[in-house]
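A short write-up of the structure that comes next.
The values are calculated or read from the model by the stated rules, or taken from the named source; none is laboratory data. A quick note: this is a predicted structure, and the numbers were derived from the prediction, not measured. With ideal geometry, Cβ positions are generated from the backbone for all residues, glycine too; neighbour counts draw on all protein chains shown.
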Amino acid sequence: MTKSFRLATSVLLLAAVYSGALAEPSTVTTVAGIKGQCEVVSLAGIDAKCALGSGVIYSSLSNGRVLFSFALSDGRVVSFVGEKDSQPRPEEYFLYLSRVRVASKGSGFTATIAGQCKVSMSTDGKFWSLIQCDATDENSARYALRFASDGTPVDVQHAGGKSAAMHVDQKAIGQVTARFKAAMQKSGIHGVVSDIEYCFDHAVGNVPAIRFCMLYDIAAVNFDKSMRKLFVSRGVEVGEQIPFLADRASNARMEIYSGMAFGGSEDAARQFFGNAPIQVINSLSK
């Protein structure tokens, strides 16, 4: 992705990780980032605010689902989801909504809704001027979004494109290894944890950057597990595990960031990373 896809940090928390809507195996086919400003947000009839500098992420999945996702100022992430769409004119795109997901780290709720999202765009699709979503749930409560673009081109990534390689390249593995090693030598595993948090906080909507941080994260979690197991096998007492590296926290991050970088498919994320985390760990001693 190019720098034009640098949205606010909180958008990365795409618990568009749509565990309910994405239950069956699926992979992301298209991801697009739109920069601009939220003008209206309503959830179950209650007004809300987007995160400062937030953008909207459009994700199209191989199972036919499409998501419009954005972050709120309180850290939650909203995803409007639909399975049917249409484009009667080049300048107009419609997504017919079936569900909305409101999520935060490790929790959230899904509501069944009926309505639509409408995108107004240039005839060539490179510029999206306005995204309007409006729907109601089974209790007639309203869910809405009005998002105005800042006029910059939409940054699109297609699976199979040059920028969408579906595996980790060796350059990224080397870069993660070097960063891991530097943080470890400077401040130990606590320094690694702080650096991973910093990494995610500064990935700012850039899909390759999120994937880089995810690789770093997964390698650190596996490294910590391996070292603790080794110490125990040798009769060395180990202290309490850093909460950040525990399975529960690690799984929550995988869920969240898979939403952004892999359209909500954790299976696609695991397939993408393959044995790259092990390669990072094995390279630390070199």
Problem set entry | helices (runs of 4 or more DSSP H) completely within the range 224-286 that count 2 or more residues being within 14 Å of the chain's Cα centre (by Cα) and within 24 Å of PHE68 (Cα to Cα) | 247-261, 266-273
Problem set entry | Residues satisfying the stated conditions in the range 219-264, i.e. surrounded by fewer than 20 Cβ atoms within 10 Å (Cβ to Cβ) and in contact with a Phe, Trp or Tyr (Cβ under 9 Å, 6 or more places away or on another chain) | GLU237, VAL238, SER250
For this session: Hey, can you tell me all the residues within the range 103-125 that are closer than 16 Å to SER59 by Cα and either outside any strand (DSSP E or B) or modelled with pLDDT under 90 (or both)?
Result: GLY125
For this session: Return the residue satisfying two criteria in turn: it lies in the range 49-75 and is out of contact with any Lys or Arg (no Cβ under 8 Å at 6 or more places or on another chain) and aliphatic (A, V, I, L, M), and of such residues it is modelled with the lowest pLDDT.
Result: LEU52
For this session: Kindly establish whether ALA114 is exposed (fewer than 15 other Cβ atoms within 10 Å of the Cβ) and of a type in the set (A, V, I, L, M, F, W, C).
Result: yes
Exercise. Under the condition of being modelled with pLDDT under 90 and outside any loop (DSSP other than H, G, I, E, B), which residue from the range 144-169 is farthest from PHE262 (Cα to Cα)?
Worked result: ASP155
Exercise. Only one of (1) closer than 30 Å to ALA51 by Cβ; (2) of a type outside the set (Asp, Glu); (3) without any contact (Cβ under 8 Å) to a residue 60 or more places away in the chain; (4) in contact with a Leu (Cβ under 9 Å, 6 or more places away or on another chain) fails for VAL236. Which number is that?
Worked result: (1)
Problem set entry | SER187, sole failed condition from (1) crowded, with 18+ Cβ neighbours inside 10 Å; (2) of a type in the set (S, T, N, Q); (3) closer than 13 Å to ILE242 by Cβ | (1)
Problem set entry | Single residue of the range 182-223 satisfying the filter (without any contact (Cβ under 8 Å) to a residue 60 or more places away in the chain and in contact with a Pro (Cβ under 6 Å, 6 or more places away or on another chain)) that is nearest to ARG253 (Cα to Cα) | ILE218
Exercise. What is the residue count in the range 58-71 for residues that are touching a helix residue (DSSP H, G or I) at 6+ places or on another chain (Cβ under 8 Å) and hydrophobic (A, V, I, L, M, F, W, C)?
Worked result: 2
